[in-house]
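Asker: My questions will all concern the structure given below.
Here, each number is a calculation from the coordinates, and none is a lab measurement. As the structure is a prediction and not an experimental result, all values here were calculated from the model.
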Protein chains: 2
Amino acid sequence: MPAPKTQTLQRQEQITQAALDLINDSGVTGLSIAGIAQRVGIVPSAIYRHFNSKDAVIDAVLDLIKLRMLANVAHAGSETSDPIEQLKLLSQRHAAMLTENRAIPYVVFSDTVYTGDPGRKARVAQIITTYLGEIETIIDRGRKDGIIRKDIVPATAAVMFLGLILPAAVLWNVSEGKFDMITHVKNAWPAFERSIVA
Amino acid sequence: MPAPKTQTLQRQEQITQAALDLINDSGVTGLSIAGIAQRVGIVPSAIYRHFNSKDAVIDAVLDLIKLRMLANVAHAGSETSDPIEQLKLLSQRHAAMLTENRAIPYVVFSDTVYTGDPGRKARVAQIITTYLGEIETIIDRGRKDGIIRKDIVPATAAVMFLGLILPAAVLWNVSEGKFDMITHVKNAWPAFERSIVA
DNA sequence: GTAATATGTGAATTGTGAATCACAATTCTT
DNA sequence: AAGAATTGTGATTCACAATTCACATATTAC
């Protein structure tokens, strides 16, 4: 029996989410139109009613990821006004998010993502840059408040902040979840804090 | 005309190196038997005289990467006996190596690598773990010498050390080489040092 | 020098997955 | 309610890449 007809806007959301889920389970390599279709409950060719190509689906997934990452920053900002506390909170939330969504590192790292569309890489770069920009803003505020050392370059510190989480995510990934990244981030935090506080 | 016959051992080296080069240029996705064969100067089917499968080639590439990474550590150890200096040196050499061999992050990150053989992921994990182990050893020595803080857990610090380089490598990669990772590592080092020295 | 072995070659096979298309069923417009 | 637009379906096409195989040629062993 045919699947019930559903408006393109909703289907697009379903398809994007299914694609993200599929990447979570099988990596970017495992992302296939057939796989997405199965999860959504429609037939592969039906995907093309809502997206022009597989590349377009991947682009939508990227948008979704960007949304989630920035939502994280916004949330940390609403919890406390202390820059250091914001960073600490963000590091934990970011780690937690990656634990639940391995798709994010998969997509960000995978060269598969870049090979399709030439501009894709630039999109990913833009997502990371935007995220880093938010972190820089937090650090800069801390500097002006005198909480963070003056000789810290916000851009450098922001990348280092990422370094608090990124390698942990990689380890967590290759170790099949055995490496506890949440704990690592918690343990590493004091050292990171020590390196930037005034 | 047929390519000159060459002993399997040499061919295996050529093939492995060609595979690494190909990944450098086109990512793991771009790694094809045909592509490798072309670079080596033989016909695709000839690859199978020297490797049982494409998976076997990838395994060989992993071995090569492991070799290069550990050679780096050994070199840093031979330059100086001061643990802090060793780490500093290693960070710079590691960054330089990744700049020349983007294949390494490609392979380590790419899920493509894991999908083939189930044990592949464990192999990658083992490479990273071994590398981290070497770093831990250096840190541990520094602790015993009193140069590095006692409250630093070597395992945590080793992962943080990786965090000095890894996010920079990602940025360098997505920015098409515009982000200067060598400079970043150099700039970030003082902060990292500050976080671990006694 | 001859047989055995190793290496190289091109054609053919196989599998996979994205994309297209004609047609069917549903929903929307008026 | 009729016609237009939207969405779903199954068959099919297309490109591409890994692998196999029968055969050719060079190297090695004896």
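Asker: Take the alpha carbon gyration tensor of region B:136-178, find the square roots of its eigenvalues, order them as a ≥ b ≥ c, and report rounded if a/c is under 1.5; if not, report prolate when a/b exceeds b/c, else oblate.
Answerer: Cα axes put region B:136-178 in the prolate bin.
Asker: Still on this structure, I have one more. Using modelled backbone amide H atoms (1.01 Å from N, in-plane), which distant-in-sequence or interchain residues come within less than 5 Å of B:ILE148's amide H?
Answerer: Amide H neighbours of B:ILE148, under 5 Å, 5+ apart: B:ARG143, B:ALA198.
Asker: Calculate how steeply helix B:120-144 sits against the longest principal axis of the alpha-carbon atoms of chain B, using the helix alpha-carbon long axis, and give the answer as 0 to 90 degrees to the nearest 10.
Answerer: The helix B:120-144 is inclined about 30 degrees to chain B.
Asker: Something else about it: Apply the Karplus curve 6.51 cos²θ - 1.76 cosθ + 1.60, θ = phi - 60°, to the phi angles in region A:29-34 and return the couplings in whole Hz, x for Gly and Pro.
Answerer: Running phi through 6.51 cos²θ - 1.76 cosθ + 1.60 with θ = phi - 60° gives 4, x, 7, 10, 4, 4 Hz.
Asker: Let a ≥ b ≥ c be the square roots of the eigenvalues of the Cα gyration tensor of the protein assembly as shown; is it rounded (a/c under 1.5), or, if not, prolate (a/b larger than b/c) or oblate?
Answerer: Note, shape of the protein assembly as shown comes out oblate.
Asker: Lysines within cross-link reach of A:LYS121: Cα-Cα under 23 Å, excluding same-chain residues under 8 positions apart?
Answerer: A:LYS54, A:LYS66, B:LYS178
Asker: So what's the back-of-envelope 222 nm ellipticity for chain B, counting only DSSP H runs of four-plus at -39500 (n - 2.57) apiece and dividing by all residues, rounded to 500?
Answerer: Rounded to the nearest 500, it is -24500 deg cm²/dmol.
Asker: Taking square-rooted eigenvalues a ≥ b ≥ c of the alpha carbon gyration tensor, is region A:73-198 rounded, prolate or oblate, where a/c under 1.5 means rounded and, failing that, a/b exceeding b/c means prolate?
Answerer: oblate
Asker: Give the distance, in whole Å, between the Cα centre of region B:52-77 and the Cα centre of region A:83-127.
Answerer: Taking the Cα centre of each part, region B:52-77 and region A:83-127 sit 27 Å apart.
Asker: List the aspartates and glutamates whose Cα lies under 16 Å from the Cα of B:LYS88, skipping any in the same chain that are fewer than 8 positions away.
Answerer: Partners within reach: B:GLU79, B:GLU134, B:GLU136, B:ASP140, B:GLU193.
Asker: Apply the Karplus parameterisation 6.51 cos²θ - 1.76 cosθ + 1.60, with θ equal to phi minus 60°, to every residue of region A:155-164 and state each ³J(HN,Hα) to the nearest whole Hz, in sequence, with x for glycine and proline.
Answerer: 4, 5, 5, 5, 5, 5, 4, 4, x, 6
Asker: Compute the helix-to-body angle for B:54-79: its Cα long axis versus the longest principal axis of chain B, expressed 0 to 90° and rounded to tens.
Answerer: That helix lies at roughly 30 degrees to the long axis.
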